[in-house]
Structures are given as C-alpha cells and as structure tokens.
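Peer 1: For reference, the structure I am asking about is given below.
Just so it is clear, none of the values below were taken in a lab; they were calculated from the coordinates. Treat the numbers as computed from the prediction; the structure is a model and nothing was measured. Every residue, glycine as well, gets a Cβ built from its backbone with ideal geometry; the counts of neighbours run over all protein chains shown.
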Amino acid sequence: MHTRPVLTTGAVAALAAVAALTLLPAGSGGWEWGSPAVEVRWYLTGLDSRRTVLQLLGNLLLLTPLAAVAVLRWPVLRRPALLVPAALAAGAAIETLQWVLPLGRVVSPVDAVLNTAGAVLVGLLVGGLSGVRTRHHGPPPGVGSRA
C-alpha cells in the first residue's frame, strides 16, 4: 500500500484547516498586539475559566494534526533538531501573516510558542510510535534469509 500520497493529501488538508482557523478575518481589519506578559498572566490566572482553557487548548492543539501527518510523511522530522525549528517556523508564520494581513486578529508570540509546543509533543509522540511500530513489525528473524 502506498501511503505517501495519502499522507501528502493529509498534510495539505491539515494546512488548509490551520489557514482557515487562523487566517480568515476576525475583525474590522488591522491587528492588535498580544503582550506576552499580559497573555501569560491571563493563562496562569484564568485556568478556572472555560474560555481561557479553550483558548489554551486551541493554541496547543492547532498544529498537532499537521505535525502528526508531517512526521509520518517526512520521517526525517522525527529528529527534534528538525521538528522543533519546523514547528516554530509554522507558529511564527501564522503570527507573521496575522500581522501583515488586515485580518483584525491578535498577534501573539505566546500563541506561536503554544502552537510549537503542541506540535513538537505530538510530532515526537507520533514519530516515536511509528519508529517502534516499524522496528517491531519487520519480518521475523530468519525469514527471507538463507540458513
């Protein structure tokens, strides 16, 4: 079974979903700066608020489908030295586009860090699980070899 085209399609679909969630207009245009200190304080003091928890989880989970599919499609991303900068670049790209485009969104470095953290955690988990699966599902010892 050829999974590469399916995984490529999954990556494109996940990227389109991220774009739809983050790059559609959300206000009257322009942008607003999300102060990192204010935002971190809001998260830390608002964990009893449903709105705060949903925002936190949304930022942590935003890039996770894309990270999972990307690690399966491009196994080199299993390496943290490549996965971390790729995830950080994706999070930073979202915030940069929200700053450049007149979308009426809040530009937040904290969002980029949360997006990165979620993507890296899921990418490492999926990469580790797929590596274990590959190692344990190979041919049994002695199969295909000459005795």
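Peer 1: At q = 0.09, 0.18 Å⁻¹, what log₁₀ I(q)/I(0) does the chain have when each alpha carbon counts as one equal point scatterer in the Debye sum?
Peer 2: One equal scatterer on each Cα of the chain leads to -0.36, -1.07.
Peer 1: I want the local charge near L63. Using Cβ-Cβ distances under 15 Å, sum +1 for each Lys or Arg and -1 for each Asp or Glu among the other residues.
Peer 2: Spelling it out: positives minus negatives among the neighbours equals -1.
Peer 1: In nm, to one decimal, how far is the W74 label point from the W33 one, both placed 7 Å along Cα→Cβ?
Peer 2: Placing both labels 7 Å along Cα→Cβ, they lie 3.2 nm apart.
Peer 1: Report the extension gain between V12 and L44 in nm, rounded to one decimal, defined as 0.36 nm multiplied by the number of residues separating them, less their alpha carbon distance.
Peer 2: Stretched out fully, the V12 to L44 stretch lengthens by 8.1 nm.
Peer 1: Counting Lys and Arg as +1 and Asp and Glu as -1, what is the net charge of the other residues whose Cβ lies under 11 Å from the Cβ of V106?
Peer 2: -3
Peer 1: Between T3 and L23, what is the FRET efficiency for a Förster distance of 35 Å, r being their Cβ-Cβ separation, to the nearest 0.05?
Peer 2: That pair, T3 with L23, gives E of 0.75.
Peer 1: Tally Lys and Arg at +1 and Asp and Glu at -1 over the other residues with C-beta under 9 Å from the C-beta of G127: what net charge comes out?
Peer 2: That works out to +2.
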